[in-house]
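A.B. asks: Right, I'll just put the structure down here and ask away after.
Just so it is clear, none of the values below were taken in a lab; they were calculated from the coordinates. Predicted model only: the values in this text are computed from it and were never measured. Using ideal geometry, Cβ is built from the backbone for each residue, glycine included, and neighbour counts are taken over all protein chains shown.
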Amino acid sequence: MQSSCLFLTAIRSVVLNTPYSRYSRLIFSFPLQELVPSSVMARRTHDSLQNELDSIQSQISTLSSRYSDVQRILDDMTRLRDVLYSDIEDLKRAHKDLEAQRFPIHWLPSEILAVIFQIVAEPWSLSQCLKRPEPFFTPPFKLAQVCASWRRLAISTPSLWSFMLIRHPKSHHPAFLEYRERAGSVVPLDVVYATPINTHGDTKEGLAQDLIADIRPFVHRLRSFAVSTLTVFEIAKFIEWVNDLQEWPMLDSLELHRNWTTNPIPVPLLPAATRTRFRKLHTLNLHWVPIQSLDFGLQLTSLEHLTLSYPKSPDRSPSPSFTVYALCSLLAKTPNLETLSLIDCVPIFDVVANFPHIRTHDVHSGRKAISPVSLPRLHRINWGWPTRRTVMRLFEFLAIPSIEKLELYIEASGNSHHGVNVVSPRAADVSSFVFQSLREITYHVEEDDFTGSFLRRCSLPSLETLEIANVSRASKRRAKVDQVPNLPKIDSIFWDPRLIRLTHLTLSRYQFANDHKSETMFGYMCALTSLTLEKCSGLRYVFRALQERTSGGVTLMSGNANAKAALPTTRVLKAAPRLQSLSLWTCKDFTFNDLLDLVQTRNLLGITQVPSTMQMSHNPASDRRLIKPLRKTKLSPLPAGEDTRPFTPVASSQLTYIRLDGIVSVSESQAQSLMNSGVLEVLWTEAGI
């Protein structure tokens, strides 16, 4: 007790003697006894303290027990609350699912819906990107904004975000960064750099360098890469980057496109690369880019589709076309090429073909002679708007034994389409071509004269589908759109008109005359099953030719040459006896009665069929006109085992399908009435639909 009082007295003296204590005397002016409680002054015994501690400890135990009980109750209530909340959420989801079942789109599993998303969000082509005003690829974002479930599914599908459209590398649109994040780190990427056509970009190399810097980190994931720029500097920088990059492990498609909206200076030739590798490159598309600018070494063995496009520039300046030597050098490195497309290409013939059986009249001109390029897997060629002599000249440099489809859009001779100096061969120095595997030809020509055409220089023993159209791109002929030329004779189009395997024929914008040309043409097509005529005139003569029948005494011969039997008079269709389908598009100079006579003649009169095991020979005295077989020539040898006997009539077929599109002379009811004459299907469409 004394120690406590002494301690408090000492504190009081210190506080009172402190000069900085403004209220010290006021605070400690009360007596010391009031500061110390009376309980401290009176000393408590050990037993009283122990009793009080035991009492407090007992209270603590009681309260702790009660707290545990309350906590246990609270935990039970929390668990009950969570269970109730979970049950409520389950019921909400079930209610939402049941509500969604009212719409068929929600019946699909997520896997199938993800596939549908990828179909809807199909990547845009480079031409589509140039035409569209959107700053980025919008379909995935639109799908993700439909509902919450579609958003979750879209975000969890990395392949949906694999297509990246870049308008300007410096802009770094947030959508581009979002696409990179959602595409993940495994999915192959498709990148298109498409500067809008109506945008004038910088003529420096900074734009290309920025884009290359953005793409370089994931170049190993590029599946397709398409570039369209406005300036020659940018495209040159891209070409240099393509050449310098050593490895392209996943690149499947490469497209380089140079616009002519700015300075049309040709792209400078770049130094050749030495280690560029394209292991999986299947498609290469070059637009206004000289093929001399790219060096592929020997690493294009996987290339299957090649497209070269050099259309006329808007300012009518010469296009940067290619030389035949450069083209052959590129094709020689593509042994697995399957499709070759040449769009508005006019090659410059700086070399001659070195064929043992071809007369190379340019030997004395000093140009190099090269051997034809062997393309054993090439099955399709599409060439737009060369001259017919250019086509024949270029085919001398190609060895294509497996060609199956040929699409040619021939420009009229003498039209300088590109303004470049193209060496044209003399017609007498062009050799013939034998295409044993060619089955389909699309031949659009601006000229009316087929003399010296490419088709006339070809032997086509396996041709099955033929389309010939007279077209014109010149504005001077727009005023004479209704004037169509006469269809030439079949032997003026082909050297050997015996198209014995032809099944589908399409003729567009030609006039048939009353000179038996139609009868002669269809008489050589004994296997024809489908005939399509578009914007043709003189169809009455066609119908008349298709109704012609041969009649008279017929001698049937069996396998034994000595066994002959004379049968009664037999009537067999002379022209296209197996014709089953007839399609007429915008043809005006015939009536419904003309068409009805054709259908009834071929379907209802009952043509006597000739047994297929016997040979039939004509009686010239009874035939009104006999189609004589052409003599065999060295120019068009027949395949081994082909029958060289005269034309043999075959069993006739009925017209089962007729399509009338834009035929104003035939009403819909009249067209449907043809089904009463044996036609199984009639499709009638009003003009202008």
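A.B. asks: Non-local amide H neighbours of S583 (under 5 Å, H modeled in plane, Pro and chain starts lacking H): which ones?
C.D. replies: Excluding prolines and chain starts, which carry no amide H, the hits are L531, T532, L533, R659.
A.B. asks: Quickly rank 675-684, 504-513 as a protection proxy: mean count of other C-beta atoms within 10 Å, highest first.
C.D. replies: Per-residue Cβ counts within 10 Å, averaged per peptide and sorted highest first, yield 504-513, 675-684.
A.B. asks: Given H placed 1.01 Å from N in the peptide plane, which residues other than close sequence neighbours of S653 have an amide H under 5 Å from its amide H?
C.D. replies: R578, L579
A.B. asks: Still on this model: Could you sort 45-51, 377-383, 114-120 so that the peptide with the highest average Cβ count within 10 Å comes first and the rest follow in order?
C.D. replies: 377-383, 114-120, 45-51
A.B. asks: Moving on. From the cross-link list K405/K574; K517/K574; K489/K574, which pairs have alpha carbons spaced over 19 Å apart?
C.D. replies: The answer is K405/K574.
A.B. asks: For H220 and R93, compute 0.36 nm times the residue count separating them, minus their Cα-Cα distance, and round to one decimal in nm.
C.D. replies: Once the chain is fully extended between H220 and R93, it gains 41.4 nm.
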